[in-house]
Each structure stands twice: as C-alpha cells, then as structure tokens.
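The numbers here are math on the coordinates, done by the rules we state, and not lab data. Remember, predicted model here, so these are calculated numbers, not experimental data. With ideal geometry, Cβ positions are generated from the backbone for all residues, glycine too; neighbour counts draw on all protein chains shown.
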Amino acid sequence: ILNSESEGNKMITIERVIAELNKRCEDREIPYEDLESLAEELDLRFDCGETRYCLLHHSWDRVIKIPRLDYASKDYSEIECNNYTKAKALGIEKIFLPCEYWCTLDCGCPVYVQDKFTTDHNSMHRSKKAKNAEKASKVISCKVYRRAKHSLPSDRRYDDAWLARAYQIYGKQFFRKLEKFLRENHINVLHARNVGWKGPQPIILDFAGYDE
C-alpha cells in the first residue's frame, strides 16, 4: 500500500509499465483505449500520433514509444532506429534524437524508448530566445542559406528559424549530407512538432518518414 503520492511516483518505472502492458495487452495491435486507461491509472502522460503511441512520466528522462500497428502498416520506430544507424555511418547523427529498441511485449508488439523531449525541456529564457531569433534572422537573409533551403524537397514543411540555426551550427557540408539523407530515406515531415532543441543544439525528433 502506497503511503503517499510521492512514494507511488517513485515506483513508476519503465519496467513497471512494461509489466502492466504484458498483463492487459493480448494483441499485437494494441488498442488506444488500453493505453489511455493505463496512463490514467499510473499518472502518465499519453500522446498519440498517426504512427506511434507515447507514454511518459514526469520523473523519467525517456519516453516509451509503441508502434500503432492498429493503424499504420509498418513499424515506424524500427525505421527510425535503422535511419539513425545510417546517419551514424555518414557522420550526421548528432542532429537526430536516438530511438532505441527496448523489448517486445508478450503479445508480440515491440517497444522503443527515446530521450524525453517536451516544451518544458525546450524552454528558454526570454533574452536567450531573442538572441536565437536574431541569429536565425541573419542566416535566413543569407543567400547561401536560401539556396540550401530551396535545394530541399518542396513538399516538406519546415520551421524556418529552426532550420536556419541548424544550418548555422552544423555548417554547409553537414547540411548537404543531411539534405541527401532526408531525400534518400523519405523523411518528409519536419514541421515544428518534429524538430526542436537539446540544450543549444537543433535536433530532429521524428525521422522515420511517413507514406501511409
């Protein structure tokens, strides 16, 4: 019996969540309702995209990612792991937030983890935000950057301030490798929810692509 809410929170680990999932999930295609009820029961945050479910607790430094095999035709987290390995071979992995295989549930559904990223994790002091915006605006006005941006496929949506800082920090040669990598691996969704920051470094959070 838990004596307090804080004691209960300490006991909520990724391993405990996996154990609870094994108790209640009978099919590889885990229903939304099962994860929603589990999140409510264990005081977890639950998010759902088109290809993956995410579970996290405020005390964790990682997020649980579960493929939406009830909706998507493939395991996009597996694709993301493979893409990270390819990025390492090219020397451009530092812009990607690694996704790692964790285990397979008894029902056959794989589970992955990724470093936690939230809007709170990304928060900056107002003066620092202003300084970043000023640096980004200088890059955006640069002809070399505009040419580099136009070389990216036009069917993608980009956060311009993020892209400009990524170009400035990582450099032109890195950017050329990245552009080729995005094309070859069909990574076509780099809008504001899929990119962000880890400290001062621009990072891509979701790099599996999407072709449903």
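Among 184-191, 87-94, the peptide with the highest mean count of other Cβ atoms within 10 Å heads the list, and the full ranking is 184-191, 87-94. The H on the amide N of R52, modeled in the peptide plane, is under 5 Å from the matching H of R68, each at least 5 residues off or on a different chain. Around the amide H of I203, modelled in the peptide plane, lie the amide H atoms of G196, W197, K198, all under 5 Å away and 5 or more residues distant in sequence or on another chain.
Of interest is the spacing of the C-alpha centroids, which for region 62-98 and region 170-212 amounts to 12 Å.
Longer than 30 Å from Cα to Cα, which of K74/K116; K74/K180; K65/K172; K23/K88; K86/K116 are they? Say none if no pair is. All intermediate terms of the calculation are to be shown ahead of the outcome.
Numbers: K74/K116 23 Å; K74/K180 23 Å; K65/K172 33 Å; K23/K88 37 Å; K86/K116 22 Å.
Where the Cα-Cα span goes over 30 Å, the pairs concerned are K65/K172; K23/K88.
Here the gap between E50 and A89, fully extended at 0.36 nm per residue and compared with their Cα-Cα distance, gives a gain of 11.2 nm. Normalised by 2.2 N^0.38 Å, where N counts its residues, the alpha-carbon radius of gyration of region 1-109 equals 1.17. In this structure, D106 and R183 have a Cβ-Cβ separation that, at R0 = 30 Å, corresponds to a calculated FRET efficiency of about 0.15.
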